[in-house]
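Note sheet for the following structure.
Derivation of every value follows stated rules applied to the coordinates shown; laboratory data play no part. Computed from a prediction, not measured in an experiment: that's the story for all the values here. Counting neighbours? That spans all protein chains shown, and the Cβs are built from the backbone with ideal geometry, glycine included.
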Amino acid sequence: MHRTHRHPASRALAAGALSLALLSAGSAGAFATEAKPKPSPSPSASAMASITIKPSTTSVNAGGSVTFTGRTQGLKVGWPLVLQHQKAGKWVPLKATTKTKNGSSYSLTAKLNTVGNEHLRVSAVGKKVYSPAVTVNVT
């Protein structure tokens, strides 16, 4: 009985051709998916808006008033703003409100009665836009 042996070189050639065909098909699929990248969503108005804050003083007697001033960016003139203070880890609105003025500035005055360090910020009503928090010591 006589057996025919295939040459190892022909096996390597066949495997190489098969690999090349698989790679070509895979890269064609990759090119098809990369041809049109999806546009990223545009940032929301809240992401572009900001508020600055500056208290007229950082220390006041209980019942005393503090004026907060600052500028806004990305909010329309006339947009309502409210002063908030942190109570038990949550931000609670106070009665001090105002609206943005021409030039994107604002000013509001609040009477602070709670003795201790008050953590305060200004919030744009209806938006998730807040100033950084400031601390006023009420004695």
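Net charge near Val82: determine it from the other residues with C-beta under 12 Å of the C-beta of Val82, scoring Lys and Arg +1 and Asp and Glu -1.
On the way: positive: Lys95, Lys99, Arg121, Lys127; negative: none.
Computed value for this residue: +4.
Taking the Cβ of Thr52 as the centre, find all other residues whose Cβ is under 13 Å away and add up their charges (Lys, Arg: +1; Asp, Glu: -1). Present the calculation step by step, with values, prior to reporting the outcome.
Details: positive: Lys54, Arg71, Arg121; negative: none.
With Lys, Arg at +1 and Asp, Glu at -1, the neighbours total +3.
Could you give the nm distance between label points at Val115 and Lys87, where each point is 7 Å from its Cα heading toward the beta carbon?
My value for the distance between the label points is 1.8 nm.
Compute the distance in nm between two label points, each set 7 Å from the Cα along the Cα-to-Cβ direction, one at Leu94 and one at Thr69.
Going by the 7 Å Cα→Cβ label model, 1.7 nm.
Given points 7 Å out from each Cα along the Cα-Cβ axis, report the Val77 to Ala133 separation in nanometres with one decimal.
In this crude label model, Val77 to Ala133 measures out at 3.4 nm.
Between Val125 and Lys54, what FRET efficiency follows from the Cβ-Cβ distance if R0 is 22 Å, with the result rounded to 0.05? Don't jump to the answer; show the numbers that get you there.
Values: r = 20 Å, r/R0 = 0.92.
So the FRET efficiency works out to roughly 0.60.
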